[in-house]
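These notes are about the structure you will find just below.
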Amino acid sequence: MSREDTFHPFARVLHWLMAIAILAMLFIGAGMVSTLSTKHTWLLAIHKPLGITIFVLALIRLGFRLTHPAPPLPADLPVWQKLAAHGSHVMLYALMIAMPLIGWGMLSAGDYPVTLGAGIRLPQILPANPALFAWLREAHRYLAWLFFLTFLAHMGAALMHGLIRRDGVLRSMTGGRQLD
Amino acid sequence: MTGPSAHPHTRTVWRWALIGLIVAAVAAAFAYVGGWLAPKRVTPARVIDAMQANAGVYPGFRRNHAKGICVTGRFESSGALADATTADLFATGRSTPVVGRLAIPGGNPYAPDNSIPIRSFALRFDLADGEQWRTGMNAMPVFPVSTPLAFFEQQLATHPDPATGKPDPAKVKAFFAGHPETAAFLAWFKSAKPSASYVTETYRSINAFYLRDAAGQRHAVRWQVVPEQPPAGDGGTAAGDPDLLAADLAKRLGEGPLRWHLQMIFAAPDDPVDDATKAWPSDRRTVDAGTIVIDRMEAQAEGPCRDVNYDPTILPRGMEVSNDPLLAARSAAYAISYLRRTSEEGHLPGTQRAKEPQR
């Protein structure tokens, strides 16, 4: 396994940490808006600080990715799959950064205090405005759907590389040996 | 993993099936959590839907307590509560601006004031450090039900019959018979009269909360705001003018600021802190935390309370929610109401236009 065909260990650690965090975040978000139980309160209390954590990690990860290019995709991969791979990665990065910002902006526009727990409060990043709140709140919902669907495609494609093509693409992120 | 056959083609089919299964399982888990696979789950949106079905839809207005007036002023802390909570607004001599709203329950913003014997007072305290405390209080001793599910069932049971415009008495009776926890509320409600003024009412948090002191100890409390204004001796109950509460408020504010005392009531060890249908005995330790001074009113269409969601779980450090299940449900349901009315205000696609002029 050469250094050229796997991601940098730091990139792999970030990827898997964020994979857990983002998947948890999507489930927490979907759950907290659909329940009347006390889960609503504590899920919301996790959602906000976890969102900001993802935002910070995403910026670090973007910086690292721009300075440490990903291993090349297999030369025999069909062009449409290469385009889909690049497109979905751009989408995932965009959503990792945009979703927390939209959430933060939405709370600001709704004139809510942006509290993260433990006495930490973030400044408002947008003026209080009900129409802006409503647009951002709906964007947060539909982009979460898009995020989840992109995640499913990403996971399905990774499994396809690992189980069907067995071309080392999945291994480039897992490290270790090819799944078989 | 292997398929049942060593044939490479069969093995590939099995591997594709496995991938499909994993993707479908994750998607199904997400759909379940989001409630799409559980259509019977009572979600915050369904609670608001039920309230809209009962009261009608008035675009741009709150789905409950739709008729109200914005008021502003300040909270002047006495300092007497400073030992029990670290929340900055209770420091001695602290003055904190408040944006409030006086209202009547129900989803109809044009309902006559005497249609219901309950008045409500919501307050947002804007603390100096940017934190907020939001509370929505009602002038009644207890809540009818203790759980969000019972509240939802109450909405369904009191749905007006299209033929008569009134709830079906049999359904209403069956609901209350099946919910004995409503007895205390019903006993009060039977003799309750619609007051002719907002300013002579005592408003209560009804739900319990915790205060957290500097030593980290928490104290279960409820609060009430008690008027300095003497009870109405002249007017009596609300009658005649459907908007007499607004007229009364304007008249009284013309004579000077209005004052309420914010009293914190401390639970005894065995008092229920998670059941809003149960009043605490009246001899509980009560601390006068300070004075709410209201000196200005504005119509809600243009007033500063219009775009405030008085979510009672928005609390500053030093104050925390209790396990009362109604609190989380209020937070979740108010969020739906807030999104719907701000969407209508913002003319988002698919929303109904707010009627002009708003009141």
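Across the stretch B:184-196, computed HN-Hα scalar couplings (Karplus, 6.51 cos²θ - 1.76 cosθ + 1.60, θ = phi - 60°) run 5, 5, 4, 4, 5, 4, 4, 9, 6, 10, x, 6, 8 Hz from first to last residue, x flagging Gly and Pro. For residue A:167, no residue has an amide H sitting under 5 Å from its own, ignoring neighbours fewer than 5 places away on the same chain, with H placed 1.01 Å from N. Just so you know, the averaged projected area of the alpha carbon convex hull for chain B sits at 25.8 nm².
Principal axis extents of the Cα atoms in the stretch B:15-63, from largest to smallest and rounded to whole angstrom, are 54, 21, 11. The angle between the Cα long axis of helix B:8-33 and the longest principal axis of the Cα atoms of chain B comes to about 10 degrees, rounded to the nearest 10.
Could you work out the mean projected area of the convex hull around the alpha carbons of the protein assembly as shown, in square nanometres to one decimal?
Over all viewing directions, the protein assembly as shown projects a mean Cα-hull area of 31.2 nm².
Counted over all Cα-Cα pairs of the stretch B:153-211, pairs farther apart than 15 Å make up 67 percent.
Under 5 Å between amide H atoms, partner at least 5 residues away or on a different chain: which partners does residue B:137 have, H built in plane at 1.01 Å? Under 5 Å from the amide H of residue B:137 lie the amide H atoms of B:121, B:122, B:123, each far enough along the sequence or on another chain.
Once backbone amide H atoms are built at 1.01 Å from N, residue B:296 has B:72 as its partners under 5 Å, excluding neighbours fewer than 5 places away on the same chain.
The calculated 222 nm mean residue ellipticity attributable to helices in chain A amounts to -23000 deg cm²/dmol, summing -39500 (n - 2.57) over DSSP H runs of n ≥ 4 and dividing by all residues.
Quick check of the Kirkwood formula: for the stretch B:1-101, what is the inverse mean of 1/r over all pairs of different Cα atoms, in Å?
That comes to 20.4 Å for the stretch B:1-101.
Computed over the stretch A:88-180, the alpha-carbon pair-distance distribution with 10 angstrom bins reads 16, 31, 24, 16, 12, 1, each value a whole percent. Could you compute Rg(Cα) / (2.2 N^0.38 Å) for the stretch B:1-40, with N its residue count? Normalised Cα radius of gyration, the stretch B:1-40: 1.65. Rg/Rh, computed from the Cα trace of the stretch B:284-359 with Rh as the Kirkwood radius, has the value 1.07.
Put simply, when A:159-172, B:275-288 are sorted by average Cβ atoms within 10 angstrom per residue, most first, you get A:159-172, B:275-288. Taken over the stretch A:3-174, the alpha-carbon convex hull comes to 133 cubic angstrom per residue. Using θ = phi - 60° in the Karplus curve 6.51 cos²θ - 1.76 cosθ + 1.60, the 3J(HN,Hα) couplings for the stretch B:288-300 round to 7, 7, x, 10, 8, 10, 10, 10, 8, 10, 9, 4, 5 Hz; x is entered for Gly and Pro. Shielding value for B:175-188 is 0, the average number of Cβ atoms from other chains within 10 Å of each residue's Cβ. Once the Cβ-Cβ distance of residue B:302 and residue B:268 is raised to the sixth power relative to R0 = 41 Å, the FRET efficiency obtained is 0.35. The Rg/Rh ratio for the stretch B:214-359, using Cα coordinates for both the radius of gyration and the Kirkwood hydrodynamic radius, is 1.02.
Roughly how many Å is it from the Cα centre of the stretch B:297-359 to that of the stretch A:1-40, as a whole number? One Cα centre to the other: 31 Å.
A short reminder: the numbers here are calculations on the coordinates, not readings from a lab. Since we're looking at a predicted model, the values are computed, not measured. Note: ideal-geometry Cβ built from the backbone for every residue, glycine included; neighbour counts use all protein chains shown.
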